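K.L.:
Below you'll find the structure I mean.
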Amino acid sequence: MTDAAPSSDTSRLHSAWDGFVDQLRAVGAQAIEAAPNDVEATDGLRFVLRQLAYREEQFIEFPRGADPEFFDPESPTRKLFADCPDTIYRQFNIADGGVYRLSGTRGDSPYISFTAYRAALTDRVVADLHDGEIAIADDGTFQLTVGGPERATDWLDTSGAGNPAAFVIIREYCHDRVGGTHATFEIEQIQPAPSQRPELDLNTFTTALGIIGLGLTFSNDATIKLSNELRLRPNQMNEAASDLVSEMAGTPHNHYQLSYVQLDEGQAVELELDPPACRYWSVHLNNFWLESPEFRDGQSVCINDAQAERDADGIIRVRVGPDDPGGGNWLDTKGRRETILLARYLLPEGELPPIVPRVIEV
């Protein structure tokens with residue numbers, strides 16, 4: 001007896017899977033080779049796995065057109081494009097022409113935003129609203145329409161002038177991620193009428209594999225490009241241009257500054273800040289892959305406006321390095337002498353003074 005010839009479906013699955021594995025192998029090799037040291041190479045492979053987990057959910061578990069659910073684009077264990085340790089991220093996918101009712105309670109966090117993104121590599125932001133631009137009832141509840149015909153208020157446009165949004169990300173910035181009263185959200189599909197999720201079929205799966213592979217390549221390429229550009233100008237603050245913010249799925253309400261820190265033995269970097277009034281600001285650490293370090297056990301990797309201590313002259317001085325130089329505003333690099341700093345300001349009310357990093361001996 002001879003084995004039966006593989007079916008055409010089996011052959012398609014083999015081909016799609018082999019192509020995906022080849023892409024996964026390539027991005028893994030790229031991560032190892034691009035990393036500036038062995039620690040970052042290990043982080044790089046974890047970064048690839050984290051992106052794989054996110055994109056599998058985005059394109060397979062929560063398909064566009066199905067009854068929408070929230071899932072985590074970023075979390076304490078899923079990080080991308082300089083995630084903020086103080087932020088709770090939620091995402092839901094939307095169908096072309098879909099209309100949704102987003103409701104919830106405001107909580108006491110300093111800032112919440114709703115950003116619609118198109119599936120593209122550039123010019124990704126379609127529309128954006130923050131909590132100051134929607135009606136909040138006296139009891140803290142709100143209701144927002146996502147998609148559909150234009151409304152005068154409480155409406156998030158997803159049409160995108162012919163290039164519509166594919167998903168919405170909600171950001172809730174917290175002064176205290178563990179404590180405090182956080183916002184709540186519910187999402188309901190109005191049009192078309194929601195239906196049960198279809199069973200996973202061959203076409204959906206093979207298409208998703210191709211998209212996931214492209215997404216992994218995009219995340220790797222964009223991250224490596226930015227980190228290497230920053231590394232050419234060590235210990236300097238750099239403004240993030242608006243096109244970079246859009247490419248990396250940021251929120252237009254944020255003003256970002258980045259610095260690649262390189263230290264010798266016994267050194268730290270000191271930043272002097274005197275930020276204007278704003279909804280929220282923070283300075284936090286990132287590795288080469290623009291991921292915040294581990295913070296679940298209370299590690300000192302982020303300082304925000306509610307936590308920062310001012311010196312007697314009114315200036316906030318943040319010190320960054322592997323050795324505690326004393327003082328209340330220390331970001332601990334856990335032995336690393338290379339790290340990426342990100343400072344962000346949400347809706348600043350005045351001009352942002354420049355931040356000039358200064359290498360000091362400790």
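The values are calculated or read from the model by the stated rules, or taken from the named source; none is laboratory data. Note that the structure is a prediction, hence the values are computed from the model and not measured. We place every Cβ from the backbone using ideal geometry, glycine too, and count neighbours over all the protein chains shown. With ligands, DNA and RNA removed, areas are computed over all heavy atoms of the protein, side chains included. Shrake-Rupley method; radii C 1.70, N 1.55, O 1.52, S 1.80 Å.
K.L.:
Can you tell me the convex hull volume per residue for segment 1-64, based on C-alpha atoms, in Å³ to the nearest whole number? Can you show the working numbers first?
P.N.:
Details: hull volume 8.1 nm³, N = 64.
Residue-normalised Cα hull volume stands at 127 Å³.
K.L.:
Turning to a different aspect of this structure: Just how many % of Cα pairs in segment 17-174 lie over 26 Å apart, if you round to the nearest whole percent?
P.N.:
Values: 4573 of 12403 pairs.
Considering segment 17-174, 37 percent of its Cα-Cα pairs are separated by more than 26 Å.
K.L.:
For segment 233-362, go through all pairs of different Cα atoms, get the mean of 1/r, take its inverse, and jot down that Kirkwood value in Å.
P.N.:
Numbers: mean 1/r = 0.0666 Å⁻¹.
Value: 15.0 Å, from the Cα pair sum.
K.L.:
A further question on this structure: Would you mind computing Rg(Cα) / (2.2 N^0.38 Å) for segment 84-126, counting N as its residues? Mind showing how you got there, number by number?
P.N.:
On the way: Rg = 13.0 Å, N = 43, 2.2 N^0.38 = 9.2 Å.
With N residues counted in segment 84-126, Rg over 2.2 N^0.38 Å equals 1.42.
K.L.:
Considering only the chain, what is the antiparallel percent among its DSSP beta bridges, to the nearest 5?
P.N.:
Values: 66 of 71 bridges.
The antiparallel proportion sits near 95 percent.
K.L.:
Okay, moving on. Using the heavy atoms of the protein chains and a 1.4 angstrom probe, tell me the accessible area per residue for the chain in square angstrom.
P.N.:
I get 47 Å² per residue for the chain.
K.L.:
Net charge near residue 352: determine it from the other residues with C-beta under 15 Å of the C-beta of residue 352, scoring Lys and Arg +1 and Asp and Glu -1. Please report the intermediate quantities before stating the final value.
P.N.:
On the way: positive: 279, 344; negative: 239, 272, 274, 305, 349, 351.
Result for the local shell: -4.
K.L.:
When averaged across all projection directions, what area in nm² does the alpha-carbon convex hull of the chain cover?
P.N.:
Working: hull surface 88.2 nm².
Hull-based average projected area comes out at 22.0 nm².
K.L.:
A follow-up question, please. Kindly give Rg over Rh for segment 306-352, based on alpha-carbon atoms, with the Kirkwood expression for the hydrodynamic radius.
P.N.:
Details: Rg = 12.9 Å, Rh = 12.7 Å.
With Rg and the Kirkwood Rh in hand, the quotient comes to 1.02.
K.L.:
At a 1.4 Å probe radius, carbon and sulfur cover how many percent of the accessible area of the chain? Let's see the in-between values first.
P.N.:
Numbers: 8420 of 16860 Å².
The computed percentage sits at 50.
K.L.:
If you don't mind, another one. Place the peptides 282-289, 65-72 in order of packing, highest mean first, counting for every residue the other Cβ atoms within 10 Å and averaging per peptide. Please list the in-between numbers first.
P.N.:
On the way: 282-289: 24.8, 65-72: 16.1.
The densest-packed peptide leads the list: 282-289, 65-72.
K.L.:
Still on this model: Using a Gaussian network model of the chain with C-alpha springs under 10 Å, which one of 267, 196, 307 is most mobile by mean-square fluctuation?
P.N.:
The residue with the greatest mean-square fluctuation here is 196.
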